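Only the coordinates and a few stated rules stand behind these numbers; no lab work does. Model, not experiment: these values are computed from the prediction. Cβ coordinates were reconstructed from backbone atoms using ideal geometry, including for glycine residues, and neighbour counts include every protein chain displayed.
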Amino acid sequence: MKVALIGLGTVGRGVLEMLAKKDLGLVLTGIADSKSAFLDPAGIDIARVLARKKKEGFCGDQHLTAEDVIKKADYDALIEVTPTNALSGEPAIGYIKAALNRKKHVVTSNKGPIALAAKELRAMARKKGVALRYEATVAGAIPVMHTLDHGLAGNEILALYGVLNGTCNFILTRMAAEGLTYEQALMEAREMGYAEADPTYDVQGIDAAIKLVILANTIWDNGVKLDDVDRTGIDLLTPDALRLADEGGCTIRLIAEANPKKHLLRVSPRILDKNHPLVFEGTLNALTLETDMAKEITLIGRGAGSVETASAIIGDLLWIRDRYVQRA
Ligand code: HSE
């Protein structure tokens, strides 16, 4: 299957490294970063592109753009991994629409377009007879969407709650374990490539709220928006607050929760017993789904990171290949 990729940040790099390393049968025919693009219908030499990006700061021809790749490259699926814009969703919404219009499948890790326009984009994909997959938008490597689509098919999802932001979990872990200040821990998270391009999205709970909106709309199709989320971040938490929680055998985690019957849609720091099923260290995310048949299911895994997020993207790509492309 031929793929084109736009966005060469942490996630894009992880995808390329895995495409180069693993024999997945995915051929890269177009690539774009924010400054350049490169097209080759015969297949791009990924090692060369990555080396060039590292040395020169761009990956291809500076006269070409992401639009050239989307509109002219020869590919079956577009991998859209540009940075999230939660206010407008652009330019990513435009990128995704342009690819769907060409009847190309789209796999994205971009939360903006899915939180803002999933309904319209999904309808467009359906009309064009292609897939729009966005596993990587929620909880990094954890196969939440695949679990909902397949493993829990037929279940009614009654409620959900979990840790959906790896950066906050990492910061809270580092503050509690090492007594770091919030600023020091955030700097570490940024250096490790976990944080969003604008880390206020992480620490103010916006990123977790966006993921909550994506989950709610995917599960309940209830049209909720970012503004509907009752949101408090971790940016005002002090090491003292964590120490006090620790003295009581507890810790603090940023919890996202949704229960449509109770009109609950909230992201907030919560004091949890250290043995609580949602308390994990580092960038781990955890999500509990309350269902009618399966009862509670808790999924745990890496919620951020380059290769971890690439895992979700590659899972979507191979799902598309098996379902659509190989049968064509
Ligand atoms: N900044 C996000 C997080 C990346 O820390 O969870 C994954 O969405």
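Here the label points at Ala51 and Glu247, each 7 Å from Cα along the C-beta direction, are separated by 5.9 nm in the simple model.
What longest region of the chain stays clear of trypsin sites (Lys or Arg not before Pro) that DSSP places outside H, G, I, E and B and that have at most 13 other Cβ atoms within 10 Å? Formally, the longest exposed-site-free interval is 104-224. Dipole magnitude for region 148-303: computed about the Cα centre from +1 point charges on Lys and Arg Cβ and -1 point charges on Asp and Glu Cβ, it is near 240 debye. Take every DSSP beta bridge whose two residues both sit in region 1-99; close to 30 percent of them are antiparallel.
Normalising the Debye intensity of region 148-303 to I(0), with uniform scatterers on Cα atoms only, and taking log10 at q = 0.11, 0.14, 0.18 Å⁻¹ returns -0.42, -0.67, -1.06. Lysine pairs in region 148-303 whose alpha-carbon atoms fall under 17 angstrom of each other, counting only those eight or more residues apart or on distinct chains, come to 4.
In the calculated pair-distance distribution of region 142-206, the portion above 19 angstrom amounts to 46 percent of the Cα-Cα pairs.
Neighbours of His276, meaning other residues whose beta-carbon lies under 10 angstrom from its beta-carbon, give a summed charge of +2 when Lys and Arg score +1 and Asp and Glu score -1.
Evaluate the charge dipole of region 251-296 about its Cα centre and quote only its size in Debye, nearest 20, assuming +1 on the Cβ of each Lys and Arg and -1 on the Cβ of each Asp and Glu. Intermediate values should be presented prior to the final figure.
Details: 7 positive and 6 negative charges, 39 e Å.
Here region 251-296 has a charge dipole of around 180 debye.
Between the alpha-carbon centers of region 69-116 and region 212-249, tell me the distance in whole angstrom. Computed from Cα coordinates, the inter-centre distance equals 27 Å. An ellipsoid equivalent to the chain, defined through the eigenvalues of its Cα gyration tensor, has semi-axes of 34, 23, 16 Å when rounded to whole angstrom and sorted largest first. Within straight-line reach of Lys111, meaning a Cα separation under 12 Å, sit the following aspartates and glutamates at least 8 residues removed in sequence or on another chain: Glu80, Glu90, Glu135, Glu196, Asp207.
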